[in-house]
Amino acid sequence: MASVGATGRGSELARLAGLFDEARAGRPVTVLVRGEPGAGKSALLEAAAGLAAAAGFHVAVGDARGLPDRPFAAAGCLLDRLPGPGDQDRAQAPAPGADPLGELVERARRQAARAPVALCLDDASRLDTGSLRWLLALSRSMPPARLAIVLAARDLATAPGAEFAVAAEVLDLTGLPADAVTPFAETRCGVSLDAAAARACHELTGGNPALLLALLAGRSGSAPAPDDLRPAPGAAALPGAERWLGGLTRPALELARAVAVLGADAEITQAARLAGLDVGETLPAVDELVGRCLLANRTPLTFRHPLLATMVTERIPAGTRAALHLRAAELLRDGGFGATRVARHLVAAGPLGLSWTVEPLMTAARRLAGEGRTEEAAQHLRGLLRERLRPRVRAAVRCELARLDGFVNPDRAIRLLDAARREAEDPAVATDYALDLAALLAGCGRPVDAVAVLDDTADRIGPAAPGQLRRLRLHRALVRVAGPARLFPERERPDGAPADEAGTAGAVDPPDAPESPHSPHSPDVPDSPDTAGRPAALRAVHAVRAGEDRAGAVRYAREALAAGGDGGTATVLWYGCRTLIHADELTEAATWCGRYRPVRGARPGRWTDVAVDLLRATVRRVRGDLPGVIEMLAPLTEPLCTEPGASHVLARLAVAALIEAGAMAGDTDTARTLLTRWGLDGEQRPRQDTVGVLAARAVLRSRTGEVPGAVEDWYTAGRMLTELGVRNPAVLPWRSRAAHLLAAEGETAEAARLARAELEDAHRWGTPRAVGTALHAVAMTETGPRRIELLDSAVALLGRSPARLGVAAARLDLGRALGAAGRAEEACDAFTAASAGAESCGARPLARRIAAARREMCPTEERETLPATLTGLTPQELRILSLARDGHTNREIAGRLFVTLRTVEFHLSGAYRKLGISGRRQLAEVMPAESRTPA
């Protein structure tokens, strides 16, 4: 029966059982069980002895440790443990001149002649030379000889052990497989592990049984979380460390400490300098550590298992460990290895009082936050706060930490920032706290409170600090410009000073996103990034609102973005990029987003990250890339729903954009679920995000047949925009959207009024997208040739814009108008182009409407030649399926049809679902080669 210690070794035990069957049949078998310390060699040897005994072998088990220091000691010990008929086979001292090797070999063969014999010996690397020669001679026995020899050793590198290893069946024990960790923990440790904890255990130990036992020691009956399994520096020493570290030479031990401190992928030269070793000492020490299975046999230097690094680190005294981390930080800094690696050692070293540590810690924290590693970023900032910092630098660090905290727990961050603001005596420090606090309050839908904080701070610092007052005034203007208008009845000028001019306040764009941290080394406020781009950003916003000077708006946006630079505020980035998007300068907007947040797909760690991802999604939406919008926003919004910041303006806007994209892509059920889950289906109180929410809800309602509700939402959004003084349809073409619905319901007069008013404003703004969208709506209020003429113009204008989805919708209406006028051939051409556009955008409902209109207007087209099973497919699906059936890859299909790879995958999955098949292999069955497909 298998030993409990052999848990997870089923394949090895099965192989041993097969070898024992061969030995019992008369073919001698030799087995060498090798592996690193703790791999379970002894446990497997014990299990092998049990298997042999169960198979009818006479079994002798021994351990080379502790045997007498004389020749053939192990041989005699094993033979004495075999059952025999009498004392004549007991080991005796060889007579003078006798051949002890021959006598011992003959004695073992006599035993094997009476019954199968299994000799199992542990720690064979300690065997005396005579016993090794005896085993080698036995292994060369000619059949028939019912003999099995099983040795366990880390290695047999010297003769005659090396000869034995060459001839033997070798079982190289690696760690337990990942799926064996849970049963091992239950059987050996009494610990229940879930899947995540089991993965963490395997990651830390490589499945090494001894390391697993050390890691789980003292946890009997518990169900540890993955994070609880990672020992922190300074924790209680793990048991079993002596097995790995005992007997190391001084250079090897110093090098192991250096590699443990440096972490993964330590360069040999770095480790040697940190350990204080020269080359002559370092290279033999590396070989020793590799031979002892502590380091992996590769460069850069890495421990075989992370837990081994922990074992080494735990044995370094705290003071020595701090000094090593500081020295490592200096070495990495001087070697130009980047702020993140330097900062990790500074955090581990603790407060040092060194001025040079501020910059790498702050830089690393920002980088980690940008990658979504919020907890690590916060750890770096907390480490920095333990240093002796100048008040302005400490304020910058606390603000950055509050931004991270504000993403997870906004209420707590608001309390901490407000307390810090009130305690600050330096006007610049108080302003830093006030700006971050106001940004967070505005983001949480509390713009009035944000303005109150800014005004209170201005009153507290007084006129003695004009630079700080200007910072507060500019931020106040940007908070107010986000609206809603009814909360701020008085107007402001574009430079942030109060005024009575109408039409200069408010915005439907989201409020301030949290700002980038102030550089601790930057000069005074006039040159700081948080001030530099704001006046231009305000002017850009007001130019967009007025909708009369597109070139000026773009100029202001570029000026704002350039003044802020890569380290400018997210507020400037938001308004600058939104202006570029409204002006259809999409590539430029996307470029700025990439400079601000280059890591795509990372989990957001700050609201700034959400703002950038939302801007990217907006660019995709304008281009008609609905699958791209969903791909970007679905992972973003899911975690936000459970966070305390679910009511944040940016979170609600991201969800609204996802609802709109889902509804237009045909996934109305998911869109409806999101609407309800986020509480967006009821009455919406005036907030900065209300217009965006209403627009998304109107799109969903129009797709589900709730036309009166959709029209009401468009009107409500329009009234809010009017209150803000916004008429520019590039911000939101609410009048054309409502006009389409009203015209379809027969309310042509009202639809015409709305559409013509929007067209007038669109001409003032001047982008083909805005004018073409309004012209499409106007056309739907006309009839006959006039409708065709206007639709033709709308298609031409939209074709010059990035609005692929708008082009497809206009072509659908143009095809219908042409069909109604008896121009069937032209109608079919319009439908073909419309279908390709709708499907490339992933707009399934639009594609279905086009297909239905095509069948109605073009009944004698190529669909008559298609099998009945294919008539439910759209033309684009047929084209893609035909190419796939002919053996083209998805990438080749994308190149032939001038669409994206994602579009091909999207249509293939939809077509497979319609046909009830699972993949390409079944295409030949449902789509014969002679089937015609659309050109």
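The values are calculated or read from the model by the stated rules, or taken from the named source; none is laboratory data. As the structure is a computational prediction, the values presented were derived from the model and not from experiment. Quick reminder, even Gly has a Cβ in these numbers, built from the backbone with ideal geometry, and neighbours come from all protein chains shown. Ligands, DNA and RNA are excluded from the accessible area calculation, which covers all protein heavy atoms including side chains. Shrake-Rupley method; radii C 1.70, N 1.55, O 1.52, S 1.80 Å.
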Quick one: accessible area per residue over segment 598-721, 1.4 Å probe, rounded to a whole number of Å²? 34 Å²
Could you pull the accessible area for Tyr433 with a 1.4 Å probe, rounded to 10 Å²? 10 Å²
Percentage relative contact order, the chain, counting C-alpha pairs under 8 Å, at least six apart: 6 percent
Name the shape class, rounded, prolate or oblate, that the alpha-carbon gyration tensor gives for segment 178-230, where a ≥ b ≥ c are the square roots of its eigenvalues, rounded holds for a/c under 1.5, and otherwise prolate holds if a/b is larger than b/c and oblate otherwise. rounded
Per residue of segment 545-560, what does 6.51 cos²θ - 1.76 cosθ + 1.60 with θ = phi - 60° give for ³J(HN,Hα)? Whole Hz please, x for Gly and Pro, Karplus curve as stated. 4, 5, x, 10, 9, 5, 4, x, 4, 5, 4, 5, 4, 5, 5, 5
Under the rule of at least 5 residues apart or a separate chain, name every residue whose amide H is placed under 5 Å from the amide H of Val31. Ile149, Val150, Leu151, Glu169
State the percentage of accessible surface on the chain attributable to carbon and sulfur atoms; use a 1.4 Å probe and exclude ligands, DNA and RNA. 52 percent
Per residue, what accessible area does segment 370-475 have, given a 1.4 Å probe and all protein chains present, in Å²? 41 Å²
Probe radius 1.4 Å, ligands and nucleic acids left out: which of Asp172, Asp625, Asp69 has the largest accessible area, and how do the rest follow? Asp69, Asp172, Asp625
5 Å is the cut-off here: which amide hydrogens, built 1.01 Å from N in the peptide plane, fall below it relative to Leu173, excluding neighbours closer than 5 in sequence? Arg34, Gly35
Express the accessible area of segment 529-582 per residue in Å², computed with a 1.4 Å probe while the remaining protein chains stay in the model. 27 Å²
Would you kindly derive the ³J(HN,Hα) couplings of segment 413-430 from the backbone phi angles with the Karplus curve 6.51 cos²θ - 1.76 cosθ + 1.60 (θ = phi - 60°), listing them in order in whole Hz, with x for Gly and Pro? 4, 4, 4, 5, 5, 5, 5, 5, 4, 5, 7, 5, 9, 6, x, 5, 5, 4
Can you work out the Karplus-derived ³J(HN,Hα) for every residue in segment 756-769? Use 6.51 cos²θ - 1.76 cosθ + 1.60 with θ = phi - 60°, whole Hz, and x for glycine or proline. 5, 5, 5, 4, 4, 5, 5, 4, 5, 6, x, 7, x, 5
Could you tell me the center-to-center distance, by alpha carbons, between segment 416-456 and segment 16-53 in angstrom? 72 Å
Tell me the GluC sites (Glu not before Pro) within segment 397-440 that lie in a loop according to DSSP and have at most 11 other beta-carbon atoms within 10 Å. Glu425
Quick check: the distance between the Cα centres of segment 751-810 and segment 610-657, to the nearest angstrom? 28 Å
Shape call for the chain from the C-alpha gyration tensor, a ≥ b ≥ c root eigenvalues: rounded (a/c under 1.5), prolate (a/b greater than b/c) or oblate? oblate
Surface accessible to a 1.4 Å probe, Leu101 within the full protein complex, Å²: 40 Å²
How would Leu213, Leu248 line up by accessible area, probe 1.4 Å, largest first? Leu213, Leu248
By the gyration tensor of its Cα atoms, with a ≥ b ≥ c the square roots of the eigenvalues, what is the shape of segment 374-483: rounded for a/c under 1.5, prolate for a/b over b/c, or oblate? oblate
Using only alpha carbon pairs under 8 Å that are at least six residues apart, calculate the relative contact order of segment 238-323 and give it in whole percent. 34 percent
For segment 644-717, state which GluC sites (Glu not before Pro) are in a DSSP loop and have at most 13 other beta carbons lying within 10 Å of their beta carbon. Glu683
Computed over segment 598-721: relative contact order in percent, which uses C-alpha pairs under 8 Å that are six or more apart: 20 percent
What residues qualify as long-range amide H neighbours of Ala118, i.e. H under 5 Å apart, gap of 5 or more or another chain, H built at 1.01 Å from N? His58, Val59, Ala60, Ala148
Per-residue [θ]222 nm for the chain (sum of -39500 (n - 2.57) over DSSP H runs n ≥ 4, rounded to 500): -19000 deg cm²/dmol
For the chain, give me every cysteine whose Cβ has no other Cys Cβ within less than 4.7 Å, ordered by residue number. Cys77, Cys120, Cys189, Cys201, Cys293, Cys399, Cys444, Cys577, Cys593, Cys641, Cys841
Accessible-area order (highest first, 1.4 angstrom probe) of the listed residues Leu674, Leu640: Leu674, Leu640
